Amino acid sequence: MRLQGKIAVVTGAGGGFGEGIAQRFAQEGAKVVVTDINAAAAERVARAVGGVAAVGDVSKGEDVRAMVAAAEALGGLDIVVNNAGTTHKNGKMLDVDEATFDRVYAVNVKSIYWMMHAALPVFRRQGRGGSIIHISSTAGIRPRPGLVWYNGTKGALNTMTQCMALELAPENIRVNAICPVMGATGLLEQFMGLPDTPENRAKFLASIPLGRMSRPSDIANACVWLAEDASSFITGVLLPVDGGRTA
Ligand SMILES: NC(=O)c1ccc[n+]([C@@H]2O[C@H](COP(=O)([O-])OP(=O)(O)OC[C@H]3O[C@@H](n4cnc5c(N)ncnc54)[C@H](O)[C@@H]3O)[C@@H](O)[C@H]2O)c1
């Protein structure tokens with residue numbers, strides 16, 4: 001069990017990649033705080049993985065503090081996975097209204113500000129380091145057309161990952177990002193801007209050398225490695241999990 005005795009907060013774990021991460025962490029012995037804005041989803045996954053649910057919106061400081069408090073109630077905090085994210089529909093940049101723009105930045109970027117405010121004091125008090133993993137995207141390394149504002153949030157996340165890693169290295173708090181290529185989760189149709197048909201998927205698959213989309217298990221396996229002590233010398237990395245898309 002690679003994460004035995006560790007306590008993790010996984011945001012947006014009520015479905016998609018986050019659910020896969022919560023499942024793998026639990027299989028490896030971690031206690032998991034399953035957080036999501038969707039209460040029913042958070043509770044379903046928490047039950048399935050033997051964890052605890054913390055319902056809330058990652059763009060709200062108070063909610064994020066409650067997520068970290070739920071981990072402390074389990075005994076502490078070792079791992080944070082900032083996975084919750086949202087997008088606008090693929091299309092022309094001027095077609096995205098201000099409210100949508102603000103929401104995408106609040107959920108994908110401001111959430112990190114709140115999580116660092118909530119989690120760092122706990123890591124510091126414990127004095128045993130920690131692992132912070134951001135679920136970014138290939139969109140922040142090699143963008144596709146049609147997702148200007150979303151891609152920008154992932155570019156911001158990649159830069160924040162490297163800067164945070166530098167600032168926190170003296171405290172042995174590691175910060176890494178995983179950059180998945182497109183996966184068949186709840187966000188897929190918005191990312192494609194097209195109906196989810198085999199023909200439309202084929203257009204995107206053509207640019208992925210290994211010939212398939214990412215799966216939650218791909219992202220979860222990378223997270224286990226970045227969370228465990230075997231990666232103790234790895235920080236500031238933007239790890240594509242992308243079937244060769246960005247090579
Ligand atoms: N699916 C892809 O193709 C893909 C590719 C690269 C990166 N990503 C990133 O992976 C992460 C997870 O996305 P996914 O594809 O699993 O999507 P998803 O929609 O299947 O899952 C996201 C989960 O986050 C929750 N959530 C949304 N907004 C929230 C908020 N404000 N507070 C708390 N929870 C919230 C949702 O309820 C949902 O359960 C996102 O950061 C996304 O940008 C996805």
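Data overview
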{"quantity": "Qualifying residue in the stretch 167-179 (condition: of a type in the set (A, V, I, L, M), more than 22 Å from Met115 (Cα to Cα) and outside any loop (DSSP other than H, G, I, E, B))", "calculated": "no"}
{"quantity": "Single residue of the stretch 194-228 satisfying the filter (among the acidic types (Asp, Glu) and not in a loop (DSSP other than H, G, I, E, B)) that is modelled with the highest pLDDT", "calculated": "Asp218"}
{"quantity": "Residues of the stretch 118-149 that turn out to be surrounded by fewer than 22 Cβ atoms within 10 Å (Cβ to Cβ), touching an Asp or Glu at 6+ places or on another chain (Cβ under 8 Å) and of a type in the set (A, V, I, L, M, F, W, C), as a count", "calculated": "1"}
{"quantity": "Residue list for the stretch 49-67, filter: in a helix (DSSP H, G or I), crowded, with 20+ Cβ neighbours inside 10 Å and in contact with a strand residue (DSSP E or B) (Cβ under 7 Å, 6 or more places away or on another chain)", "calculated": "Val49, Met67"}
{"quantity": "Residue list for the stretch 1-35, filter: part of a loop (DSSP other than H, G, I, E, B) and within 16 Å of the ligand (Cβ to nearest atom)", "calculated": "Thr11, Gly12, Ala13, Gly14, Gly15"}
{"quantity": "Pairs where the first residue, in the stretch 101-112, is more than 10 Å from Lys154 (Cα to Cα) and in contact (Cβ under 8 Å) with a residue 24 or more places away in the chain and the second is surrounded by fewer than 18 Cβ atoms within 10 Å (Cβ to Cβ) and not β-branched (Val, Ile, Thr), C-beta under 6 Å, 6+ apart", "calculated": "Phe101/Trp149; Val104/Trp149"}
{"quantity": "Residue list for the stretch 76-132, restricted to those being within 13 Å of the ligand (Cβ to nearest atom) and touching a Leu at 6+ places or on another chain (Cβ under 6 Å)", "calculated": "Thr87, Asn90"}
{"quantity": "Filter result for the condition that a residue is within 11 Å of the ligand (Cβ to nearest atom), surrounded by fewer than 23 Cβ atoms within 10 Å (Cβ to Cβ) and touching a residue at least 60 places away in the same chain (Cβ under 8 Å), over Gln190, Gln162", "calculated": "Gln190"}
{"quantity": "Filter result for Ile141 (touching a helix residue (DSSP H, G or I) at 6+ places or on another chain (Cβ under 6 Å) and aliphatic (A, V, I, L, M))", "calculated": "no"}
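Residues checked against (1) surrounded by fewer than 21 Cβ atoms within 10 Å (Cβ to Cβ); (2) over 14 Å from the mean Cα position of the chain (by Cα); (3) at pLDDT 95 or above; (4) more than 24 Å from Glu228 (Cα to Cα):
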position	(1), (2), (3), (4)
Ile21	no, no, yes, no
Gly29	yes, yes, yes, no
Val34	no, no, yes, no
Arg47	yes, yes, yes, no
Ala69	yes, yes, yes, no
Glu72	yes, yes, yes, no
Leu77	no, yes, yes, no
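The values are calculated or read from the model by the stated rules, or taken from the named source; none is laboratory data. As the structure is a computational prediction, the values presented were derived from the model and not from experiment. Heads up, the Cβs are rebuilt from the backbone with ideal geometry, glycines too, and the neighbour counts pull from every protein chain shown.
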